[in-house]
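Please read the structure below before turning to the comments.
The values are calculated or read from the model by the stated rules, or taken from the named source; none is laboratory data. In this text, all values refer to a predicted model and were calculated from it rather than measured experimentally. Counting neighbours? That spans all protein chains shown, and the Cβs are built from the backbone with ideal geometry, glycine included.
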Amino acid sequence: MKALVLASAAALALSSAAWAVDADNTGKNQRDADGSTLTVFDQGESAQDRQISASVRELVVKDDSLSTDAHNIKIITVAGAVTLRGPVASAAEKASIESKAKQVQGVTKISNQLEVAAK
């Protein structure tokens, strides 16, 4: 019985190691804190800016071909300029989201800062 418990514990430890993910976001947190990069707290307060962000979000979320990460990107609009930030699964997703943002009325500029996740 003791051998079975030890074998089970060893198997669990090995399988846990295979699923381990490095969740250290220190570099990104420092980048966002230095003030040179827009964050969600910089979202424009005008009705037009809020509507632009909502419209881009709606187009992104409606596209079932996009990954969960893509559905959860940050969309920040200030004076009609849209900034897209966050991880996406591929370069095709990055381009697709930018294309969707370009379709929204009132968008004056797009800063595509989406990051293709490493595989």
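Can you tell me how many residues in the stretch 91-119 are in a helix (DSSP H, G or I) and of a type in the set (Asp, Glu)? Result for the stretch 91-119: 2. The number of residues in the stretch 84-95 being in contact (Cβ under 8 Å) with a residue 24 or more places away in the chain and either exposed (fewer than 15 other Cβ atoms within 10 Å of the Cβ) or touching a helix residue (DSSP H, G or I) at 6+ places or on another chain (Cβ under 8 Å) (or both) comes to 8. Applying the condition of being out of contact with any Leu (no Cβ under 9 Å at 6 or more places or on another chain) and of a type in the set (Asp, Glu) to the stretch 57-109 and asking which residue is nearest to THR37 (Cα to Cα) yields ASP69.
Matching residues to (1) under 15 Å from the mean Cα position of the chain (by Cα); (2) of a type outside the set (Gly, Ala, Ser); (3) closer than 19 Å to ASP42 by Cβ:
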| site | (1), (2), (3) |
| --- | --- |
| GLY80 | no, no, yes |
| PRO87 | yes, yes, no |
| ALA91 | yes, no, no |
| LYS94 | yes, yes, no |
| ASN112 | yes, yes, yes |
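Note on the stretch 64-78: residues that are more than 15 Å from the chain's Cα centre (by Cα) and closer than 14 Å to VAL104 by Cβ total 1. In the stretch 30-68, of all residues being at pLDDT 95 or above and among the charged types (D, E, K, R), the one that is surrounded by the fewest Cβ atoms within 10 Å (Cβ to Cβ) corresponds to ASP64.
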